[in-house]
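This report concerns only the one structure given below.
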Amino acid sequence: MTRSTHLETNTIHAGKVRDRQFGALSTPIYQTSTFIFDDVAQGASRFQGEESGFIYGRLGNPTVRELEQRMASLEKTEDAAAFGSGMGAISATLLANLKNGDHLVASAALYGCTYALINHKFKDMGIEASFVDMTDSAAIKAAIQPNTKVIYFESPINPNLECIDMAVIAKIAKANNLVSIVDNTFMSPVLQNPADFGIDLIVHSATKYLNGHGDVIAGITCGSSEQIENIKFTTLKDMGAVMSPNDAWLIIRGLKTLSVRVERHCSNAQQVAEYLEAHPLIREVNYPGLKSHSGHQLIGKQMKAGGGTFAFEIEGSFDDAVHFMNNLEMCSIAVSLGDAETLIQHPASMTHSPYEKEEREAAGISETLIRLSVGLEHVEDIIQDLDGALNSMATRLKSVG
Ligand SMILES: *Cc1c(COP(=O)(O)O)cnc(C)c1O
């Protein structure tokens, strides 16, 4: 079926290829590396692009293609490309739009590996970057140079959850002929569609909410047909970070429940954030769903809710933060987010360890910042677990004096 105006329907039906041979309800997994041509002429015309059809698994696969078309519908873009990881999508999308001698403007706070890629590997390749506070449009404009080609950001920003007004970024990008790229992993298309605000390319770690079950590493980029074709024929085909058909199938399955999962993630996260905000041993809770958070003003305007992942500051030291985390019983100490299980991690020693200490501080990532991906367990059990570990921390604080 083609696209509905309702996301809930599109997560299940958009881009669906009807199995005419056996009528399978579930999308078949085309676990094949290559595709047989009827004759040499057919092979030749497929390679020339005169006849549509599959050639070789790195250039396209029917199961992966169905996922790409579904994702394009969810992000309201013309097309999408699937990758073997979120970083595969991010690196291929950036490199398709940048070459030696070019410059990009990037957010000062980014997912750790994206920051490492731009600040270290791109530098070696002669691609320079300016890191700016994306909430400051004067700073963004001031960073733009004659050789600037791309503006790259996340909203909300991982892990401080600051939100960026995308319409403002898109306007600056258009006025300066830049390609705007956003990482929409935290919100998923259920909560926010960057294309609505004029952003050119949307990247996702499909490992997170899209798949949602903690059993796949994958990425997706959504954008115009022209951009996606360029990415597919350059940095996807030739760098090769392709998604496996089996992983595409798992994500297709995960997407069927995306809207109900995200709804529950958000309502659980809202209650956990409110509990933490009221706790005397929590200094600050960075959750856009809270009225106290700077991102709250964009709820309703840009995003539907605050999402399921946020960060908070412990009132204490590095050691207190470690003690708190080690005393949790149900919540798992693990990076990643968007899974059924509640996951908790310490950015300074884990996801944001590629940053130098000073860089981390400049990006607002302190030693006592903790990130929580609120899962789908009963919210009372999540709060009870956090409460037990905070009580243990309170006892420790008293004994340490
Ligand atoms: C996890 C994540 C990535 C990287 O995705 P992988 O699938 O692990 O390669 C990129 N951006 C954000 C915001 C993430 O959370």
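The values are calculated or read from the model by the stated rules, or taken from the named source; none is laboratory data. Because the structure is predicted, anything quoted here is derived from the model rather than measured. Here Cβ is always computed from backbone atoms with ideal geometry, including for glycine, and neighbour counts include all displayed protein chains. Just the protein is used for accessible areas: all its heavy atoms, side chains included, with ligands, DNA and RNA removed. Shrake-Rupley method; radii C 1.70, N 1.55, O 1.52, S 1.80 Å.
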For the stretch 360-401: span of alpha carbons on each principal axis (Å, largest first): 36, 31, 6
Helix 86-95 sits off the longest principal axis of the Cα atoms of the chain, rounded to the nearest 10 on a 0 to 90 degree scale, by 60
Taking the 0 to 90 degree range and rounding to the nearest ten, how far is the long axis of helix 62-74 tilted relative to the main principal axis of the chain, both from C-alpha atoms? 60
Run the accessible area of the chain with a 1.4 Å probe and give the carbon-and-sulfur part as a rounded percent. 52
Suppose we take every Cα in the stretch 259-400 and form the convex hull; what volume per residue is that in Å³? 108
Heads up, I need the accessible area for Y56: 1.4 angstrom probe, whole protein in place, Å², nearest 10. 100
Which value, in Å², gives the accessible area per residue of the stretch 81-182 when a 1.4 Å probe is used on the protein heavy atoms? 34
Where does the charge balance sit around A195 when Lys and Arg score +1, Asp and Glu -1, over other residues with C-beta under 11 Å from its C-beta? -3
Could you tell me the distance between the Cα centroids of the stretch 261-334 and the stretch 46-78, to the nearest Å? 38
So which GluC sites (Glu not before Pro) in the stretch 273-345 pass both tests, a DSSP loop state and at most 12 other Cβ atoms within 10 Å of the Cβ? E329
In debye, nearest 20, what is the charge dipole magnitude of the stretch 259-400 about its Cα centre with +1 on Lys and Arg Cβ and -1 on Asp and Glu Cβ, if you could check? 420
Cα-Cα longer than 26 Å, checked against K237/K301; K171/K304; K121/K232; K99/K301; K174/K256; K99/K357, kept in input order, equals K237/K301; K99/K301; K174/K256; K99/K357
With the alpha-carbon atoms as the only input, what is the per residue convex hull volume for the chain in Å³? 143
For the chain: relative contact order, % (alpha-carbon pairs under 8 angstrom, 6 or more apart): 17
Let me cross-check C113: its accessible surface, 1.4 Å probe, with only protein heavy atoms counted, in Å² to the nearest 10? 60
With angles folded into 0 to 90 degrees, how steeply does helix 258-277 sit against the dominant principal axis of the chain? Use alpha carbons for both and round to 10. 20
Place +1 on the Cβ of every Lys and Arg and -1 on the Cβ of every Asp and Glu in the chain, take the dipole about the Cα centre, and give the residue among N176, L276, M393 whose Cα lies farthest towards its positive end. N176
Quickly work out the E329-to-T5 label distance, labels modelled 7 Å from Cα along the C-beta direction, and quote it in nm with one decimal. 5.0
With a cap of 15 neighbouring Cβ atoms within 10 Å, and only residues DSSP puts in a loop, list the trypsin sites (Lys or Arg not before Pro) found in the stretch 38-120. R58, K99
Length gained, A41-N246, 0.36 nm per residue minus C-alpha separation, equals 70.8 nm
Sort V216, V260 by heavy-atom solvent-accessible area, probe 1.4 angstrom, most to least. V260, V216
Can you pull the accessible area of M87 for me, 1.4 Å probe, Å² to the nearest 10? 50
Ignoring ligands, DNA and RNA, what accessible area per residue does the stretch 259-400 give at 1.4 Å, in Å²? 44
So what is the 222 nm mean residue ellipticity for the chain from helices alone, if each DSSP H run of at least 4 adds -39500 (n - 2.57) and you divide by all residues, rounding to the nearest 500 deg cm²/dmol? -10000 deg cm²/dmol
